[in-house]
Structure formats: C-alpha cells, structure tokens
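Contents: one structure, followed by commentary.
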Ligand SMILES: NC(=O)c1ccc[n+]([C@@H]2O[C@H](COP(=O)([O-])OP(=O)(O)OC[C@H]3O[C@@H](n4cnc5c(N)ncnc54)[C@H](OP(=O)(O)O)[C@@H]3O)[C@@H](O)[C@H]2O)c1
C-alpha cells in the first residue's frame with residue numbers, strides 16, 4: 001500500500017493522478033486527509049481515504065496501518081509548527097511499520113544559511129531527522145513550482161509586465177505535474193533508499209528570460225520590472241494576499257535574487273526517462289490562449 005499525505009493539496013492530488021496513470025490500482029493507494037468533507041473526489045476514484053492530522057500522532061498511527069511506502073508532503077501549517085508535525089508523521093510511520101518514507105524537501109543552495117532563514121530551515125531539520133531515525137527514506141528536493149510564476153509575478157503580466165524584486169537570479173522552475181510524476185516513479189520502483197534527488201528543470205531562468213519567453217508566446221513585448229520590496233509587498237496585498245503572506249513571498253523573491261535556487265543539477269530526466277516539459281511549453285499553456 002502506498003500512502004500519500006497532503007492528498008487534498010496541489011502536489012498530493014497530482015501525485016495520486018500520476019500513480020493512477022501508471023496503472024497502480026486505486027485500492028493500493030491510500031490518501032491521508034484531515035477533513036473528510038474534502039475527500040469526495042478521492043473516494044470517487046476508489047482511493048482509500050484515511051483520516052489523520054499531522055498534529056495528532058494517534059490519528060496518524062492508525063492511518064498508516066498496512067502502509068509500505070509513505071509520501072510525506074511538507075505541511076502548509078504555520079512555519080513554526082511544521083517540523084513538529086513532520087516528526088509526528090515520521091514517528092508514527094516508524095511505529096506503524098512503514099517500510100520507506102519519501103519526503104518533499106526544498107532545493108536551495110543552503111537551507112540553513114538562506115536569507116529566508118527560519119522560513120525554510122524546517123526542511124533541513126526534517127531531512128536530518130529522517131536520516132537519523134533509521135527508517136529507509138528518500139529526499140525529493142523540489143525547486144519552486146513553475147505554477148508559482150503567475151502568482152508571484154504580478155496579476156496583470158500581459159498588460160503591465162512582470163513585477164518582482166528578483167534581480168537577475170535564476171530558478172529552475174518546474175511544473176507541479178512533473179514533480180508529481182517524479183515522485184510517482186520513486187513510489188513505484190525500487191532502489192531509491194537513502195537517495196536525495198534534485199527535482200528541478202534542467203535550465204534555470206531569470207525573470208528577464210521569463211519575460212522574453214512570454215513575449216515570444218504572446219507576440220507582445222512583456223517587460224520585467226525589478227520593483228522594490230515595499231512596492232512588491234503592496235502589490236501582493238492588492239492581489240489579495242495577507243500582509244504576512246506578502247512578506248513571506250517577498251523573501252522568496254530575495255532568495256531568487258541572491259541566486260539561492262540557481263542550480264544546473266536535476267535528477268528528473270533520470271527518474272522520468274525523458275526530459276521534463278520545457279518552461280516555454282508550460283507557459284504557453286497559460287499565456288498562449
Ligand atoms: N516548491 C514550491 O514552489 C512550493 C510552493 C508552495 C508550497 N510548497 C510546499 O509544498 C507543500 C505542498 O504544496 P501544495 O501546493 O500541494 O500545497 P497545498 O495545496 O497547500 O496542500 C497542502 C496539503 O497539506 C495538507 N495539510 C496541511 N496541514 C495538515 C495537517 N496538519 N495534517 C494533515 N494534512 C495537512 C493540506 O490539507 P487541507 O486540504 O486540509 O488543508 C493539503 O492537502 C506545501 O505544503 C508547502 O510546504 C512548495
């Protein structure tokens with residue numbers, strides 16, 4: 001039995017779809033859900049829904065019965081709660097006899113020294129905890145989702161251009177569906193224990209290059225404006241983000257500007273047996289209509 005946590009979220013849903021597309025029978029897939037009212041779609045696909053909350057160790061222990069491989073999708077709770085929640089999942093997995101746990105970490109140059117500081121350190125803490133607990137593990141070091149580009153670049157890219165204080169920093173943005181597919185490979189094949197994979201596009205791009213790609217796709221010139229942090233936070237708040245979320249996203253922009261996501265390492269081709277979808281093709285799906 002494979003269990004996917006975060007199954008009502010973007011990455012969890014996409015991973016379950018990838019597993020089903022690979023022909024894994026729905027009754028061999030379990031989904032951890034904390035709010036049963038969100039489980040109708042999963043149930044309609046024949047997925048076993050198991051109720052559990054990262055906050056409640058006992059709920060996790062019963063949810064993990066019979067599970068061989070467990071995908072721990074990092075929590076979306078307040079940052080300060082995330083590591084404790086992940087420890088609950090890992091401890092419950094160990095006590096329940098889970099054979100192998102796969103964790104979605106984050107690919108940055110150095111999680112502990114990032115200018116994002118406390119925002120991302122929980123990934124390093126979770127990864128270290130997994131390494132020392134003596135339970136076979138795999139780390140999927142995900143880069144930033146390509147799906148975040150429209151959210152962080154400004155609401156009116158086609159009219160007003162891209163607006164983000166990301167300097168010339170480069171990021172190997174990768175679509176969620178491609179990350180899900182790579183995770184599904186690890187969940188359904190052998191030989192991944194104690195491995196750490198970089199789940200990123202093969203080429204990192206700057207926002208100036210993203211503006212050029214969208215210009216090519218739309219046939220109109222899209223400018224890249226390197227706004228200042230205060231204006232950027234105001235822009236995000238105007239888009240509907242809370243002050244806290246806007247400040248959080250602006251710290252991502254700062255880390256991009258500092259080159260913290262820039263890498264030419266990627267294990268996606270090795271896992272998928274093909275190159276990942278190009279950013280241009282992904283953006284064409286959004287802006288090419
Ligand atoms: N690489 C990137 O660019 C990037 C971007 C955004 C986020 N992330 C990280 O990657 C994770 C997955 O991304 P996503 O887009 O799939 O996020 P998402 O759509 O917000 O999904 C988060 C999932 O975690 C579940 N969850 C949260 N707290 C929980 C708890 N206490 N107990 C059990 N389940 C809990 C949520 O359940 P509910 O539906 O009940 O809330 C949801 O299913 C995020 O949580 C975040 O840590 C990465």
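The values are calculated or read from the model by the stated rules, or taken from the named source; none is laboratory data. Quantities reported herein were computed from a predicted structural model and do not represent experimental measurements. Ideal geometry is used to build each Cβ from the backbone, glycine not excepted, and the neighbour counts take in all protein chains shown.
Look at residue 208 and say whether it is crowded, with 21+ Cβ neighbours inside 10 Å, in contact (Cβ under 8 Å) with a residue 24 or more places away in the chain and in contact with a strand residue (DSSP E or B) (Cβ under 9 Å, 6 or more places away or on another chain). No; evaluated as a whole, the condition is false for this residue. The residues of segment 81-113 that are outside any helix (DSSP H, G or I) and more than 18 Å from the chain's Cα centre (by Cα), listed by number, are 97, 98, 99, 100, 112, 113.
Taken together, the residues in segment 57-93 that are within 11 Å of the ligand (Cβ to nearest atom) and either touching a residue at least 40 places away in the same chain (Cβ under 8 Å) or crowded, with 16+ Cβ neighbours inside 10 Å (or both) amount to 15.
Restricting 130, 135, 139 to residues that are in contact (Cβ under 8 Å) with a residue 40 or more places away in the chain, in contact with a strand residue (DSSP E or B) (Cβ under 9 Å, 6 or more places away or on another chain) and within 14 Å of the ligand (Cβ to nearest atom) narrows the list to 139. Just one of the listed residues (133, 151) is at pLDDT below 95 and in the same structural domain as residue 20 (by TED's automatic domain parsing), and it is 133.
On the basis of being in contact with a strand residue (DSSP E or B) (Cβ under 8 Å, 6 or more places away or on another chain) and more than 22 Å from residue 142 (Cα to Cα), does residue 222 make the cut?
Working: in contact with a strand residue (DSSP E or B) (Cβ under 8 Å, 6 or more places away or on another chain): yes; more than 22 Å from residue 142 (Cα to Cα): yes.
Answer is yes for this residue.
Among 12, 46, which is in contact with a helix residue (DSSP H, G or I) (Cβ under 9 Å, 6 or more places away or on another chain), in the same structural domain as residue 129 (by TED's automatic domain parsing), within 27 Å of residue 144 (Cα to Cα) and touching a residue at least 12 places away in the same chain (Cβ under 8 Å)?
Values: 46 fails: within 27 Å of residue 144 (Cα to Cα).
Only one candidate passes the filter, namely 12.
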